[in-house]
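Working notes, beginning with the structure itself.
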Amino acid sequence: MLAERLKQLRAEKGMTQVQLAQMLDVSKGTVAMWETSKRKPSFEILSRLSDIFDRRMDYILGYSDDASSPQPPEEELDQLGCWAAEDSMHETIMQYLRLDEYGKQAVEAIILAEFERCKAQESLFPASNFKLNLRIRNNN
């Protein structure tokens, strides 16, 4: 199935075997062998084919009929970024909560000074950009 998919994808892009071979830094004969099922590309080459054709490797290999892009949609990337930021903030808040009173006062002084600096420079992000749910449980 790889042979048929590779021919199909190459045709969709309007590419010749020679052009694809040049992009992959392999010989035209190598591409021809893939397209006649005499050889299979390496994992590295499959990864590059995935990039060139913007298709998932399992689709190129013929294991799937899902012709979608291997790149996650923009909304998914945004969500992943939000989750990473939430994890980072969670860790920072947990570290803050574990500080003694002197440490907490020092952190609060820095935050207040930076808030005032950003306010004066008009570089604060709008509060409406954020939603925070916080629950503190004291088990002392």
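The values are calculated or read from the model by the stated rules, or taken from the named source; none is laboratory data. Quantities reported herein were computed from a predicted structural model and do not represent experimental measurements. So basically every Cβ, Gly included, is an ideal-geometry build from the backbone, and we count neighbours across all protein chains shown. These accessible areas exclude ligands, DNA and RNA; they are computed on the full protein's heavy atoms, side chains included. Shrake-Rupley method; radii C 1.70, N 1.55, O 1.52, S 1.80 Å.
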Which one, 106, 90, 126, is farthest towards the positive end of the dipole of the range 18-140 when Lys and Arg carry +1 and Asp and Glu -1 on their Cβ? 90
DSSP loop chymotrypsin sites (Phe, Trp or Tyr not before Pro) in the range 72-140 with at most 12 other Cβ atoms within 10 Å of their Cβ, which ones? 130
Ordering 6, 61, 132, 80 from largest to smallest accessible area (1.4 angstrom probe), what's the sequence? 132, 80, 61, 6
Okay, helix-only estimate at 222 nm for the chain: each DSSP H run of n ≥ 4 adds -39500 (n - 2.57), divide by all residues, round to 500 deg cm²/dmol; what do you get? -19000 deg cm²/dmol
Roughly how tilted is helix 101-120, in degrees to the nearest 10 and between 0 and 90, from the longest Cα axis of the chain? 70 degrees
Within straight-line cross-link reach of residue 40, aspartates and glutamates at Cα separation under 16 Å, skipping those fewer than 8 residues along the same chain: 4, 25, 58
For the pair residue 94 and residue 125, what calculated FRET efficiency results from E = 1/(1 + (r/R0)^6), where r is the Cβ-Cβ distance and R0 = 22 Å, to the nearest 0.05? 0.45
List the trypsin sites (Lys or Arg not before Pro) within the range 1-43 that fall in a DSSP loop (any state other than H, G, I, E or B) and whose Cβ has at most 15 other Cβ atoms within 10 Å. 13, 38, 39
Can you tell me the accessible area per residue over the range 44-140, all protein chains present, probe 1.4 angstrom, in square angstrom? 85 Å²
Run down the aspartates and glutamates and flag those whose C-alpha is under 12 Å from the C-alpha of residue 7, throwing out any fewer than 8 positions away in its chain. 35
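Taking Cα pairs under 8 Å and at least six residues apart, what relative contact order does the chain come out at, in percent?
Once normalised by length, the contact order is 15 percent.
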